[in-house]
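Undergrad: A single structure is presented below for examination.
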Amino acid sequence: MNPIERLGAWVIASIEDLGGYTRFTARATWGMIRPPYRFRLLFKQMEFVGNQSLSIVMLTGAFTGMVFAVQSDFAFGRFGARGLLGSTVTLALTRELGPILTSLMVNGRVGSAMAAELGTMRVTEQIDAIESMSVDPVQYLASPRIAASILMVPILCAMFDLVGVIGVSYVATQMLGVNPGPFYNRMEWFVDPDDIWGGMMKSAIFGYILASVGCYRGFYARGGAEGVGQATTRAVVASGVAILVIDYFITLILAPMSVNRA
Amino acid sequence: MSDIRLVGLRKAFGKQEVLRGLDLVVPFGKITVIIGRSGTGKSVLLKQLMGLLRPDSGSIFIGDTDITRLPEGEFRKVRNRFGMVFQNAALFDSMTVYENVAFPLREHTRLREREIRERVVASLASVGLADAIDKDPHQISGGMKKRVAVARALIRKPEFLLFDEPTTGLDPIMTAHVDELIRHTQDTSPGLTSLVISHDMEATLRIADKIAMLFEGRVIFEGTADDVRSTDHPVVRQFVEGRLEGPIKV
Ligand SMILES: Nc1ncnc2c1ncn2[C@@H]1O[C@H](COP(=O)(O)OP(=O)(O)O)[C@@H](O)[C@H]1O
Ligand SMILES: [Mg+2]
């Protein structure tokens, strides 16, 4: 194949892959809406997503908040605007860093685990077994995982925000000597509940993406343990990139609205 | 009371033609064994019967009903008539033995827990595994897994029981045991039709009512165990005797 043919083959394969992903995700989403509803599986998955990620998300949140406080103090200090530190960092945390870093962390732990688990079930014929017993394997396996991720990633994001803000406040007021009065005052003044809600909404979308990509890759894994490993890696990379790209477009669309608000 | 009839079945994956116009009747109430080398498309054949794969052309009849091109929703009802034991048992490793066998009941019936338990215990007892009920799949041996898989496949009393290489990877004693289980299940389940996929000639000769040999995508020989023993068909002879030279290329 010459390079142009190779590029063409790659484009066609990517489009087919995207088509496959879209069909799979549509089927899984429809599976959440129509009966049977398997609440036991949903709760089990919610517990899994939460348990897997809570400590790592909180750790990331705390250190992100703390390091951001130090860096911003350095920048604001030059303009003598240290009083803005709390509000600025909190806005950045709730609107961007919370949703993005939470989703990337959950992606690394949960998206990959979903790809590996479904991939293993595929290559050991457990998915065929489900289907052979007249149960829709997409609805049985993917729907509860994706639903759980949509519900839990925003909650984890809120935890990230909370711990992050505590981290900022601690470093700023206790270590950097920022005056607590204006610090909290400005923070309250500038940060709107909508910022937090907006961030949580975004994380719900990211949760949808990372779980559906993880399930899709696992569901169609081929070729033994190696295939499962490949599916897992591809899932994590694809979701990570998709989350960052989609975040940009959501922000672009939502930015004019928040300008109007201010 | 239905036979299964496969007519001119073809299936290819890309350029690789796996089934090339396969014809076969699986008679009601008997054990039919399909035998052939690894990679000749035996599992692909079973998966098409259950609609897990669709043939490129040809037809599959159950009794007089053509199930080949049923839409997915309709096929789900057809699958209810089948039970399948997969090559490596395919037990759900996130569930206990009990939950594995209970799975079809939980999904398809509204039985109470007590009734489910009764039926699971009975089903496990019929394959001689009553005491493994609370174990996890990774705690039991390969032969026991196979038996759990049989219990799971039987629990909703299917008309057709399909086995994909039930004894591959088992030691000789366990192999004899599983063969015995297949024969026993067939003989004690009125209205059951069994279809077994195998590459183990000896076991096949022991349990089969009918033997079909799959070679290069077609059935090239059909008959009873005695027919197989007495035939001079070169492919069958080579397979029976396990010789290296002959029409089957290694
Ligand atoms: N889903 C699939 N996609 C592509 N090729 C497949 C698929 N399933 C089976 N094959 C190929 O078809 C051939 C027959 O496979 P199989 O039916 O599993 O053989 P066996 O007779 O050992 O059970 C093999 O070469 C296998 O690689
Ligand atoms: Mg096979």
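Values in this text are rule-based calculations from the coordinates and carry no lab data. Given the structure is predicted, the values throughout are model-derived calculations rather than measurements. Neighbour counts run over all protein chains shown; Cβ positions are idealised from the backbone, glycine included.
Undergrad: Which GluC sites (Glu not before Pro) in the range A:114-206 pass both tests, a DSSP loop state and at most 13 other beta-carbon atoms within 10 Å?
TA: Passing both the DSSP loop test and the Cβ count: no residue.
Undergrad: Continuing with this model, one more query. Using only the Cα atoms, what convex hull volume per residue in Å³ does the range B:91-157 have?
TA: Normalising the Cα hull of the range B:91-157 by residue number yields 73 Å³.
Undergrad: P(r) for the range B:36-96, please, calculated from all Cα pair distances in 10 Å bins and given in %.
TA: Final binned percentages: 18, 47, 28, 7, 0.
Undergrad: Please state, rounded to one decimal and in Å, the Kirkwood hydrodynamic radius that the range B:130-182 gives when every pair of distinct Cα atoms enters the mean of 1/r.
TA: 11.9
Undergrad: Which of the lysines could a cross-linker span from B:Lys15 if the Cα-Cα distance has to be under 28 Å and same-chain partners fewer than 8 positions apart are dropped?
TA: Within the straight-line limit of under 28 Å, B:Lys15 reaches these lysines: B:Lys42, B:Lys47, B:Lys249.
Undergrad: Among the lysines, select those whose C-alpha is under 26 Å from the C-alpha of A:Lys202, and discard any that sit fewer than 8 residues away in the same chain.
TA: List returned: A:Lys44.
Undergrad: On to the next question. Among the lysines, which have Cα under 18 Å from the Cα of B:Lys157 when same-chain residues fewer than 8 positions away are ignored?
TA: Cross-link targets: B:Lys30, B:Lys77, B:Lys146.
Undergrad: In addition: Based on Cβ point charges of +1 for Lys and Arg and -1 for Asp and Glu, what charge dipole magnitude is obtained for the range B:91-157 about its Cα centre, in debye rounded to the nearest 20? Can you show the working numbers first?
TA: Numbers: 13 positive and 9 negative charges, 64 e Å.
In total the dipole reaches around 300 debye.
Undergrad: For the protein assembly as shown, just list the percent of Cα-Cα distances falling in each 20 Å bin from zero outward, please.
TA: Histogramming the protein assembly as shown at 20 Å steps yields 19, 42, 25, 11, 2, 0 percent.
Undergrad: Please state the charge dipole magnitude for chain B, taken about the Cα centre, from unit charges on C-beta atoms (+1 on K and R, -1 on D and E), reported in debye and rounded to the nearest 20.
TA: Once rounded to the nearest 20, the dipole reads 660 debye.
Undergrad: Then there is this: Let me know the whole percent of all Cα-Cα pairs from the range A:3-261 that are separated by more than 21 Å.
TA: Above the 21 Å cut-off, the range A:3-261 has 63 percent of its Cα pairs.
Undergrad: Continuing with the same structure: How many angstrom separate the Cα center of the range B:173-221 from the Cα center of the range B:82-107?
TA: Measuring centre to centre over Cα atoms gives 22 Å.
Undergrad: May I pose another question? Name the GluC sites (Glu not before Pro) in the range A:1-91 that are in a loop by DSSP and that have at most 12 other C-beta atoms within 10 Å, would you?
TA: Listed in order of number, the matching sites amount to none.
Undergrad: If one takes the longest principal axis of the Cα atoms in chain A, at what angle in degrees, from 0 to 90 and to the nearest 10, does the Cα axis of helix A:3-33 lie?
TA: That works out to roughly 80 degrees.
Undergrad: Ok, one more. Taking 10 °C and 1.306 mPa s as the conditions, I'd like the Stokes-Einstein D for the range A:6-138 in µm²/s, using the Kirkwood hydrodynamic radius from alpha carbon pairs.
TA: 84
Undergrad: For chain B, would you read off the P(r) tail past 33 Å as a percentage of all alpha carbon pairs?
TA: It works out to 19 percent of all Cα pairs.
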